[in-house]
1. Among the residues of region 162-188, what is the count of those that are touching a helix residue (DSSP H, G or I) at 6+ places or on another chain (Cβ under 6 Å) and charged (D, E, K, R)?
2. In this structure, does LEU146 turn out to be surrounded by fewer than 19 Cβ atoms within 10 Å (Cβ to Cβ), at pLDDT below 95 and not in a loop (DSSP other than H, G, I, E, B)?
3. Conditions: (1) among the hydrophobic types (A, V, I, L, M, F, W, C); (2) surrounded by fewer than 19 Cβ atoms within 10 Å (Cβ to Cβ); (3) under 20 Å from GLY266 (Cβ atoms). ILE45 meets all but one. Number of the miss?
4. Mind listing whichever residues of region 224-266 are assigned to a strand (DSSP E or B), farther than 28 Å from VAL41 by Cβ and in contact with a Gly (Cβ under 9 Å, 6 or more places away or on another chain)?
5. Looking at (1) assigned to a helix (DSSP H, G or I); (2) surrounded by fewer than 23 Cβ atoms within 10 Å (Cβ to Cβ), can you tell me which one SER314 breaks?
6. If I filter region 289-303 down to residues being polar (S, T, N, Q) and out of contact with any Lys or Arg (no Cβ under 7 Å at 6 or more places or on another chain), which single residue comes out as surrounded by the most Cβ atoms within 10 Å (Cβ to Cβ)?
7. Of LEU327, LEU322, LEU338, which residue is crowded, with 16+ Cβ neighbours inside 10 Å and modelled with pLDDT under 95?
8. Does ASP202 meet the test of being of a type in the set (Asp, Glu) and in contact with a helix residue (DSSP H, G or I) (Cβ under 9 Å, 6 or more places away or on another chain)?
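The values are calculated or read from the model by the stated rules, or taken from the named source; none is laboratory data. Source: prediction; values computed, not measured. Quick reminder, even Gly has a Cβ in these numbers, built from the backbone with ideal geometry, and neighbours come from all protein chains shown.
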Amino acid sequence: MKKYLYPAVAFLLFCIFFAALSGYYGTSEFLQKSSLQTRDVFFRIRRWSQTPSEKIKSIVMVTIDEESCQKLDSRWPWSRTIFAQMLDRLTEAGAAVVGLNVSFTGLETGDIESSRLLAAAMRAQGNVVIGDTFTKDNQVIRPTPLIAEAVSRYGYLEKIIDSDLVIRRSYLLRPYESSSQFESSFPLEVAAAAWGPAKENDAKFDRASGLATVGNPAIGIPVSPEGSYFINYTAIESDFKQIPAWQVVKGKLSPQDVSKKIVLVGLTSSLFSDRHPTPLGAMSGIALHANELLSILTGRNLIFVSSNFTFTFSWLLGLLVLVFFILNRVWIGIAAFLLAFFGIFLGTQSLLARDYVLEPFILFMGPFLSLVLGVILNSVKLFLENKGLETKIVHDKLTGLYNYDFLRGRLDGEWKASKKNKSALSIVMTDLDRFKKINDTLGHETGNEMIRRAGAVLKQTARGYDVVARYGGDEFFVLLWHSGHEEAKAYRERLREAYHQMARNLQEPGLQDSSISIGIATFDPKINSKHPENPQKLLEEADKDLFVDKESRRKPGEKGR
């Protein structure tokens, strides 16, 4: 039964800690953040090991950067006239869709002419998408009517920022609670425009199924009830074809670079405060939209495996690792953990390549908990085994008292301390009177029982810090720490009385008159620091005194010990 105790304790502790950790996971901001950041690592690894879809070639980024501001001799925000010129050049080059990551609200410094030029350029292009924004009260700020009538579509630009300031999610759309209407995001409207300006390509939302659709034939994107979803980042900013805005405005543009392609225009410089942390590193706002657009056009939606399944699988993996630790093989347990670690790494990475998200942080929880628990439990078990071995080495098997070797070592140490501190110490030596007769008449088992009882009396009468040891047979030693000769004599009388009281209470008549002989010897540096000469002499003096005590109480004609 005892051999099953360790596995049972290990299993029970693992289940308790795993259940507690699983429950804490749902409420802990730290663990949630750690889980997201672990997933980010896997996104980065996927990007290094997997090239983006060929669809990325259909998306071109026109970048508004410091160089373009210098070349066009214009500070940001740019005049709408510049955007009109840019649109004219892109229209001439045959761009299929132009998405302007800009929200044109109000008039430009009261001048309506630049807005008319921009509106004319938008109508000429025929498939322009621009941005709108939300107020703090969650109200949509629309483009000015002149611009709104000229564009094909417009959608909001906001993203969701997690607690660690990383953008992993987006509101693909924002449904109104009281109706079937909703507001579309900028990437969703650009995706709709990619199929053409016809209304049949517009985004739609089925609230019951939580599915947003766009295009013809329609592409479906699962979203939460409030319209949010995780962006499937598959490309870094440099993966997209980029053309500086100044080259477009000045006509230094090769038509094949943008012909029949989706052109996204936006800020890319950190000076414009439009760079954001993402799972793949810092990106400009337009690169965020490009990633989201790419995942929509390719139909690559992230599919999250059930958290219940993930926790259960993690628990099973943890139990498997724990089994190897229970088998008393720590290094095999560690090897099992490493195997589970790399198995999780390869498995989750393989699934993520297919857009399935099996949260790696949760999967690591089980094996990691087993590693910590296995190492701790094995260390505790080894410690207890060593303590048990130590007990066997320094303790007498029959009585459980210290053995003579241990007492001898302690006596040597206490002797030195006594000399240094000028404090007395005493040795008490005992043996049982007429013990041979007990063995001969009542048997050796009875004799052993008397030895155990005598040891218990010695232990009971000594102080907690005194050392009680069995010398062998029926003989015992007691090292009385900080005790002079008078104290040793008092202990002798106390011990003798306790032993006799114990014997009188025995049921066996042949044992009720059992007695004990006690010899004492003291070393007191304050009286004589040179006598006895050494610890061995002290023991010999106690033995001599034992003989004197025995002789003084021997019955007439009685012989032997």
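1. Final tally of qualifying residues: 1.
2. Answer is yes for this residue.
3. Of the numbered conditions (1) among the hydrophobic types (A, V, I, L, M, F, W, C); (2) surrounded by fewer than 19 Cβ atoms within 10 Å (Cβ to Cβ); (3) under 20 Å from GLY266 (Cβ atoms), the odd one out for ILE45 is (3).
4. Of everything in region 224-266, those that are assigned to a strand (DSSP E or B), farther than 28 Å from VAL41 by Cβ and in contact with a Gly (Cβ under 9 Å, 6 or more places away or on another chain) turn out to be SER259, ILE262, VAL263, VAL265.
5. (2)
6. Going through the qualifying residues, I end up with ASN291.
7. After ruling out the rest, the residue left standing is LEU322.
8. Yes.
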